[in-house]
Each structure stands twice: as C-alpha cells, then as structure tokens.
There are 2 protein chains.
Amino acid sequence: MTPAQQSLVEQVRARFGDRAAITDAADIEPWLTDWRGRWHGQAGAILQPSSTEEAAAMVRLAVEQGVALVPQGGNTSMVGGATPPADGSALILSLRRMNRIRAIDPGAMRAEVDAGVVLQTLHDAVTAKGLRFPLTLGAKGSATVGGLVSTNAGGTQVLRFGNMRALVEGIEAILPDGTVHDGLAGLKKDNRGYSLDQLLIGAEGTLGIVTGVRLKLVPAVHSRAVAWLGLASPQAALDGLRALEGLTNRVEGFEILPEESLKAVLSHIPGTRPPLEGNHPWHALVEAIADNAEAEPPADLLARLIAPLVDKGLIQDATISSSEAQAQAFWRIRDSLSEAERATFGPATQHDISVPVESMPRFMDSAAREVEKAFPGVHASGFGHLGDGNIHFHVRAGERGTSDWLENEGPAVTRMVHDLVTAAGGSISAEHGIGVMKKDELERLSPDRVRILRAIKASLDPDGLMNPGKLV
Amino acid sequence: MTPAQQSLVEQVRARFGDRAAITDAADIEPWLTDWRGRWHGQAGAILQPSSTEEAAAMVRLAVEQGVALVPQGGNTSMVGGATPPADGSALILSLRRMNRIRAIDPGAMRAEVDAGVVLQTLHDAVTAKGLRFPLTLGAKGSATVGGLVSTNAGGTQVLRFGNMRALVEGIEAILPDGTVHDGLAGLKKDNRGYSLDQLLIGAEGTLGIVTGVRLKLVPAVHSRAVAWLGLASPQAALDGLRALEGLTNRVEGFEILPEESLKAVLSHIPGTRPPLEGNHPWHALVEAIADNAEAEPPADLLARLIAPLVDKGLIQDATISSSEAQAQAFWRIRDSLSEAERATFGPATQHDISVPVESMPRFMDSAAREVEKAFPGVHASGFGHLGDGNIHFHVRAGERGTSDWLENEGPAVTRMVHDLVTAAGGSISAEHGIGVMKKDELERLSPDRVRILRAIKASLDPDGLMNPGKLV
C-alpha cells in the first residue's frame, strides 16, 4: 500500500473498528479477480462500511488522502467493472456489510434496501411478504442491488417490467466529494433539475457509490406456465411475440435459441430432454404468469393464444408445460446455454449487443453471414432476449479453432461485430455495461459520446477517485 | 443586438434564408414575456430552424460567436423557463418550425416527432391512428413536446402512465458544442454509460436543445367515466384511492379539492353545478377508463368498487357520470379551479410542491395550520394530484389582502412553505421546474444539490450559452 492508503486504512480502523478494513492478503485475494477469471487486479485493503454514514466518512477520508476507491458488491460484473486496477493504485470499498432490508411496504408495493443486499435475498424477502421483485439473472445468488443499479442490469424478465432503471424509485449514494445524495424520499414528482438518480443508474460506480435503493415491487406470481415453440426463424419468433403481446400483457419471458444450441444443451447437460419431437431451425421459450387465482390459468392462456398461430403456420410446433417441474426443465435448457456452448463448441467471442427490436431478426441473419464471410470457418449465432432487441451474439472459432484463436483473432472478430452493431444503430453493450472490457471499443466507435461522458465524470469526480479505469 | 448577435443573424439568414431569423420587433414581442405575464425579457432576434441539421448549424454558429440561446417551444413555462434575459444578452431559438410528426407506429405503439409539435396536435395525430398519448395538461394547445420533455411535465393523467420521463423512449438534441445527440434508435437496452436522454429530461434547455423525441403510446380510450366523491379529509381521499388501486389498474385520474374551492367554481364559472347534494369538507374526481369494448364499462367498474367504500363510511357520498357530457362537466370544475380561485379569493401565493404520497394528507393539514399561524388572517389550502403526492398549495391573502400583499408578504410566505416542504422531505418543484422563479429558493434550500447541478452544467456548457439564467 502507498503511505496514503496506509494512512486511510489506519484512520478507518481507528474510527470504525478492525472489521471496517481488511488487509489480510488471503481475505482480499478472492475479490481481486472477476468471477469469470478474466481480469486480475491488486488492492492493499478492502474497506467495509456497515452504514451509509460510515461509507460517507470513508469516502471523505479517501478524498483527503487522495486514495481511489473501487466499489464492489457481488463482484459478478461481466465486463471487469468491479476489478481493482492492476497497479494497486486503488482500494476496494465493499458494500457486503451493508446488507439490510430496510423496509418492505406491501401496500405501496416497494422496498428500501441497503446496496449490499444480494438479489436472491431480496427475492426471498419480498416473496415472504406476498410480493415480487421481478428482475432476475443468472448471478442472483451473488449480485447485489447496488451493483445491479450501477450496471442498469437486465436479465430474462425485462420484457414486462423493464430493466433496473424502470424498477428504481430512488437512490442514496455517496458522491465523490463525500456528500450523501438522498433520493429515497420516494417523490413521485420532483423537477429540481437534472436527475441525479438517473445519472447514477448505469454509472458503474464512476460517479459515486450507491448505498441504498428504493425499489418498485409487483404482484407475486400465483402460477406460471412455459411454452416451448419450434420456429422457422427469428423473424417468425418476433412475429409470434408481437401477436401474443397484442392479446395479453401476461407474457413475461421470451427467449430464443437456434437448434444447434439446443442440441448442445441436450448432449452436454445431464437430464435434459428435447421439448418438441421434430427438428426446428429456431426455438423460443415463452413464459406467462397469473398474479391471482381468478385469472385464466397461464397454461390455458398460452394454449388459447398459441394454437391459432400454429394453425396459421407462424409457429411450427408448440408444447406447454403441464407442471412447475416441466416449466423449470424448459428454463434449465435456457439457463444452461452458455455452459453447454462453451463445452461443446470450444472458444467463441461473446457479444452482449442490442439493436432496435424490429431490426434484430434481419441483423442476426446478415451479421452472421458477414462475419462468417470475413473469417471463413467460424460460425456465428445468437440467442437470448429477442423481445428486448438484446441478443448474446457468439462467434465460434469453428474450423479456425486453435488454442490461441481467442487471443489472436478474437479482437478482430469483436471489432467487426461492433462495427456491424453500430452501423445498425445498436449498442455494443445492451445489459452488461462497459467496465474495462469495452472501454477502448466505446471510444473507438463513439468518440463524441465518450467526450461527453468524460466531461460529466470530470465535473463530479475531478480527481478520478471513483472506480478508476472503468467506463471512461 | 450586439455585433456578435448581428453577425450570427446574418450568417443564419445567408445559410438558411430570411425565415430562419426574425428581427422585426413586433414579431418578437409576444415571445419576450411568459404567458402569465410575470417575466419580461429582451431579444434582438428569434432563430427558427426548420430541421435538426439547421438547429445544429445554428448552435455551432452561436458557439463560434459566443452568443447565448434561449430555446423556446410554446412559451408556456410556469416558472419563466423560456423567457430571455432582460439585458438582451441572448437570442431566442424557437422550435416552432420543427413541427413534423415524423412517424407513428401503431404496432410498436410509439411516435417520433419534432420537438416543436404542439401537444394537442400530437394527441389528434395519434388518436387518428387509434392510439393515445396519455400525458395532458391545461396548456396543451400551446405547449410543445420539446418543452414538455425539458420540464419533465406532469399534468392530470400521471397516475397510471407517469410523467414525461416515463413516456420518453429516446431524445435527439443539439448539445452545447453543436454535436447532435441521437437517442432515437429506440434501443430497449443500452448500457453505454450515463444516460444522456435521462440527463436532458427536465434539464430546462440548459444542457442543449431537444429537437426530436420518441414517445411511448398507449391504447386509445374506448370509454370513460368520472366519479365525484364527497370526503371527510385528504386522508380519506388517499385511503379511498389506495383501496381502488388495490382492485383495478384502470383509474387514470384522481384529483382532490376542498369544499371552498368547489364553491368558488360554482359561483364564478357559468353553467357549473354541484356534483353532489350535501356539503363535504373535501371532494375527489376519479376517472376510470376502458380501452376495449369487452372490458367492464368504466361507470360499472367505478360503481362496483366505490359502493362498498361508501357503505364502510370511507367515502361520504359519490356520484358517477352517466354520460360523456357529465364526465366533461366534472372535469370542467377541476380545470376551472385556478381561474375561480383567482377571481373569488384575490391574491394568493401558489406552490407546486410534492411530498411522499403517504405524507401528503398530514402535510396539507399541518402546513396550512402553521402558515395560518405565522401570517394571521391568511388562508392556506391545496388541490390537485393527490395520487402523485403533488398538490398546488395556495396561500390566500384573506384578511391581509391589499393590492401589494403578494409583493410585500408573498416572498416570506413562499419561503415558509418551501421550508415546510423541505422539512417534510419534499420538492419545491413537483412538475413546473425551477426556471428563474425558483432558482434562488433552490439554492437557499439545497446548496449541495445546486453545486452538483452547476458542475454538470459547466462540464457540458462551459460558456453558459444554453438558456442562461435558468435553473442553475
């Protein structure tokens, strides 16, 4: 640690006790590398406030000492957003001790929680009150609410209730000068200038440290059903989704995948079975829910709405889960895609991209063809959240696969995918953020935008002490 | 005009024709004063781009010449947000010529429009396509979409679909450096750092000039009904609203008013009649809608849900409109409140304030009592959007009324109301913005916040050329 870091740690311990700062290398080590093992950093200490007041005091002390801080929740960033710099120039500030559910108000359908609350914990707490927090994603057992806010997280249930931005009613954060921004009053209307809440959502900790969040809740799921559709193409999937949306607002999930990805799951993941009998170029998982006992049961709803689409030929074949176990089995196929693809197909570049929803089917087709033409032998395909215009587009090494393909050719493939996305008016980061992973690409493709982001960053954090090296 | 302003006007005319810059004093004059006649400014010219490209070019020329610009739509700001400075140091940039409905997509339920489109024009255009833009307010015949975005406007239909922020899917704007921010691609997910769209909403033109907006549409109203409730108190009104919300999502309006305000309307506005027979301390107007023919008719819905609340004693009495004409008659009472109060009660300070919804009934009671105690003889009361926690709180001169009461005592009354709102965790501007009217008060009450707003403003508009003198 630098003398300034050392001094900061001592002051923090003196004021808030030994637990407030970890310096044991073995305890720090797990938090220096992102969960997928791609980025490695160094940090001499982890500061651990137990309250908003402590967090604010720590930031003020850090500002006095000129020590940079990397805020960390569950450390589940997909883009290295919570990994400290490699040179040890920053300390980690972990929100893990701030894990209190402050309040759940079932009548007003909202919760107020510490930023360090794990998503699964939040789910359980609001479910116990007969409600639901609808956002969910693979890392829910580790990801924290503060991290979800700071990355404006998405997931598999964005279709109906939106991403994190749509579910946040207010934010409490320590700004880079150590003042506390308190947006938790829950005002439904407040027009006192630029919204700091909105600015902090998706800011990846570069404008301050989120310490508390007020969240919107929705009615609990009374029952659900999952349909599995066989489809000719992504366009047929989108047409089917639009047809369903015109008839019900109870579709909450709509995920697509190509046949080859399904096959990879079936061959790799034990206990999985094909949902449909025949072969279909594309598949979609459709989840519908009921939030009360009086509503038409979701399986009946899906059967009633999907049957005419099969008759019309828009959908090739369909089956609907007849039990919760079967619904879970369908979701397990979707949730195992990344793992199965990795195991079956070998190295691939992965791209969390979005284009306007209506353009996605055409984009998937044309982008795949162009990439495969430019890099003969690779195979490009996508799966995921079609209804959000957000696909995880993977380019597999295929015949070009060698042990160092990712390292050698991966960056060129990634640049090409990003160029195609940008030309289509899309985003090179739909839901994972920029972090360290996409920083250079963002600047290459959107220099005007980065200039503006940097100006905002410099205005609030002139010394660059908040999550240095991320985003801008 | 200064030489720089003169030069800018000449360059604009040379490039974009005579219509692109108005310099005739008589043509400029109506746009120098806000619509309620409170603020008066000076400007030697009005620039009038007819396209985004022209607007961007004008901003770049203005930056080169160091000329400040005041963006103006319908000039219906309630807080002097579109009035040029009194010293003539800025020119007006009017969006009036940019009044094109660019596209309406009924399938995707969205519209893309120029910023200068008047709200009523937008309503008519989407209604013709069988859809609806739900936000509405008194100035809809003049207010433009760009102005509504820049003030994050509210109105009487916020309850179900939210304010402007909730209805904007993307923004196109000229930033202070003359670059075009294009957020119109309509990406449902885009996590490339701080959201410039969100930053521009409610920025009052101080961070750039909104030129185009992509808006969310909702199903058209198939039928509606309006209930008029007699109530003991604002708390009874809120309890009634919560009870209704627990049973339906089809309540779109919930406005409250005290008996004295109703009496003022009945005595002042020709043709108005009391909705209920007896006297009630408070009243509420409740609007419910159906968006299709199959839904339970709104009048039946309201009758079915309200009857048990009357039986329980939560609501003293209720009547439900039996025709569209009667629904309009009920709304006319609500919409005439300001006019009737002005005519009946004489001078009053008016406060567009919000507190957390649950606190509003208590706040209305305690704030009125405290203000009346501090200024004996005045009468304080509120009416409006209870379901949003947003009341227009008026303090009438009462026995203290003299011709110069507003001027002499008004500011002290306003400061006291703002102090009470701030102590209650509320906002001194719920839906009207800050403009010039509340700038000093915002700084007095929220200096930390203003410091941050100023830093952001300076980072994007270092020369202070965008709507100078407003907000910060």
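The values are calculated or read from the model by the stated rules, or taken from the named source; none is laboratory data. Being a predicted model, the structure only gives us computed values, none of them experimental. Positions of Cβ are backbone-derived with ideal geometry, glycine not excepted, and every protein chain shown enters the neighbour counts.
Against the list (1) buried (at least 22 other Cβ atoms within 10 Å of the Cβ); (2) in contact with a Lys or Arg (Cβ under 7 Å, 6 or more places away or on another chain), the condition B:Gly41 fails is (2). The set of residues in the range A:180-224 being polar (S, T, N, Q), in contact with a strand residue (DSSP E or B) (Cβ under 8 Å, 6 or more places away or on another chain) and at the interface with another protein chain (Cβ under 7 Å from one of its Cβ atoms) consists of A:Asn191 alone.
Among the residues of the range A:434-452, is there at least one that is among the acidic types (Asp, Glu), within 9 Å of chain B (Cβ to nearest Cβ), outside any loop (DSSP other than H, G, I, E, B) and surrounded by fewer than 19 Cβ atoms within 10 Å (Cβ to Cβ)?
yes
Among the candidates B:Gly377, B:Gly389, B:Gly425, B:Gly410, the residue that is surrounded by fewer than 24 Cβ atoms within 10 Å (Cβ to Cβ), within 13 Å of another protein chain (Cβ to nearest Cβ) and not β-branched (Val, Ile, Thr) is uniquely B:Gly425.
Set side by side, the residues A:Ala173, A:Ala111, A:Ala220, A:Ala115 differ, and just one is touching a residue at least 24 places away in the same chain (Cβ under 8 Å), under 24 Å from B:Leu241 (Cα atoms), touching a Ser or Thr at 6+ places or on another chain (Cβ under 7 Å) and not β-branched (Val, Ile, Thr), which is A:Ala220. With respect to B:Ala430, determine if the residue is out of contact with any Asp or Glu (no Cβ under 9 Å at 6 or more places or on another chain), modelled with pLDDT of 95 or more and over 28 Å from B:Ala62 (Cα atoms). No; evaluated as a whole, the condition is false for this residue. Tallying residues that are in a loop (DSSP other than H, G, I, E, B), facing chain A (nearest Cβ under 10 Å) and over 16 Å from B:Ile434 (Cβ atoms) within the range B:156-165 yields 1. If you go through the range B:336-366 and keep only what is within 14 Å of chain A (Cβ to nearest Cβ) and aliphatic (A, V, I, L, M), you end up with B:Ile353, B:Val355, B:Val357, B:Met360. Exactly one residue out of B:Ala166, B:Ala185, B:Ala128, B:Ala173 is buried (at least 24 other Cβ atoms within 10 Å of the Cβ) and among the aliphatic types (A, V, I, L, M), and it is B:Ala173. Every condition in (1) assigned to a helix (DSSP H, G or I); (2) within 13 Å of chain B (Cβ to nearest Cβ) holds for A:Glu172 except the one numbered (1). Do you know which of the residues in the range A:364-374 that are free of Cβ contacts under 8 Å to residues at least 60 places away in the same chain and closer than 18 Å to A:Gln350 by Cβ is surrounded by the fewest Cβ atoms within 10 Å (Cβ to Cβ)? Step by step, filter the range A:364-374, then rank; the result is A:Ala374.
Could we say that A:Leu266 is surrounded by fewer than 21 Cβ atoms within 10 Å (Cβ to Cβ) and either within 26 Å of the chain's Cα centre (by Cα) or not in a strand (DSSP E or B) (or both) here? So A:Leu266 fits the description; yes. Scanning the range B:199-236 for residues that are over 23 Å from the mean Cα position of the chain (by Cα) and either closer than 30 Å to B:His181 by Cα or among the hydrophobic types (A, V, I, L, M, F, W, C) (or both) returns B:Ala225, B:Ala227, B:Trp228, B:Leu229, B:Leu231, B:Ala232, B:Ala236. Restricting B:Leu229, B:Leu247, B:Leu207 to residues that are buried (at least 24 other Cβ atoms within 10 Å of the Cβ), touching a residue at least 12 places away in the same chain (Cβ under 8 Å) and in a loop (DSSP other than H, G, I, E, B) narrows the list to B:Leu207. May I ask you to verify whether A:Ala343 is out of contact with any strand residue (DSSP E or B) (no Cβ under 9 Å at 6 or more places or on another chain), hydrophobic (A, V, I, L, M, F, W, C), assigned to a helix (DSSP H, G or I) and in contact (Cβ under 8 Å) with a residue 40 or more places away in the chain? The answer is yes for A:Ala343. Scanning the range A:269-278 for residues that are of a type outside the set (Phe, Trp, Tyr) and within 30 Å of B:Asn249 (Cβ to Cβ) turns up nothing. For the condition facing another protein chain (nearest Cβ under 7 Å), in a helix (DSSP H, G or I) and of a type outside the set (A, V, I, L, M), A:Ser459 qualifies. Residues that are closer than 15 Å to B:Gln120 by Cβ and either among the aliphatic types (A, V, I, L, M) or within 12 Å of another protein chain (Cβ to nearest Cβ) (or both) within the range B:143-155 comprise B:Ala143, B:Val145, B:Leu148, B:Ala153, B:Gly155, listed in sequence order.
Residues are listed down the side, and each one gets a yes or a no for (1) more than 22 Å from B:Gly178 (Cα to Cα); (2) of a type in the set (Ser, Thr, Tyr); (3) without any contact (Cβ under 8 Å) to a residue 40 or more places away in the chain; (4) surrounded by fewer than 17 Cβ atoms within 10 Å (Cβ to Cβ):
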| position | (1), (2), (3), (4) |
| --- | --- |
| B:Arg13 | no, no, yes, yes |
| B:Ala45 | no, no, no, no |
| B:Gly66 | no, no, no, yes |
| B:Ile92 | no, no, no, no |
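Does A:Ala26 satisfy the condition of being of a type in the set (Gly, Ala, Ser) and either part of a strand (DSSP E or B) or closer than 24 Å to A:Gly178 by Cβ (or both)? Considered against the rule, which asks whether it is of a type in the set (Gly, Ala, Ser) and either part of a strand (DSSP E or B) or closer than 24 Å to A:Gly178 by Cβ (or both), A:Ala26 comes out as no.
Of the listed requirements (1) modelled with pLDDT of 95 or more; (2) away from chain A (no Cβ under 12 Å); (3) over 23 Å from the mean Cα position of the chain (by Cα), B:Thr248 misses just one: (1). Taken together, the residues in the range A:106-131 that are within 17 Å of the chain's Cα centre (by Cα) and either farther than 17 Å from A:Thr211 by Cα or within 14 Å of chain B (Cβ to nearest Cβ) (or both) amount to 2.
Out of the range A:167-198, which residues are closer than 29 Å to A:Leu131 by Cα, over 25 Å from the mean Cα position of the chain (by Cα) and of a type in the set (Gly, Ala, Ser)?
A:Ala185 - this is the single residue of the range A:167-198 that is closer than 29 Å to A:Leu131 by Cα, over 25 Å from the mean Cα position of the chain (by Cα) and of a type in the set (Gly, Ala, Ser).
Against the test of being closer than 25 Å to B:Met360 by Cβ and out of contact with any strand residue (DSSP E or B) (no Cβ under 6 Å at 6 or more places or on another chain), the options B:Ala455, B:Ala423 yield a single qualifying residue, B:Ala423.
Listed here are the residues, each with its yes/no results for (1) surrounded by fewer than 13 Cβ atoms within 10 Å (Cβ to Cβ); (2) free of Cβ contacts under 8 Å to residues at least 40 places away in the same chain; (3) assigned to a strand (DSSP E or B).
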| position | (1), (2), (3) |
| --- | --- |
| A:Pro275 | no, no, no |
| A:His280 | no, no, no |
| A:Leu285 | no, no, yes |
| A:Ile289 | no, no, yes |
| A:Glu294 | yes, yes, no |
| A:Leu301 | no, no, no |
| A:Ile306 | no, no, no |
| A:Val310 | no, yes, no |
| A:Ile315 | no, no, no |
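Restricting attention to the range B:399-411, the residues being part of a helix (DSSP H, G or I) and touching a residue at least 24 places away in the same chain (Cβ under 8 Å) number 4.
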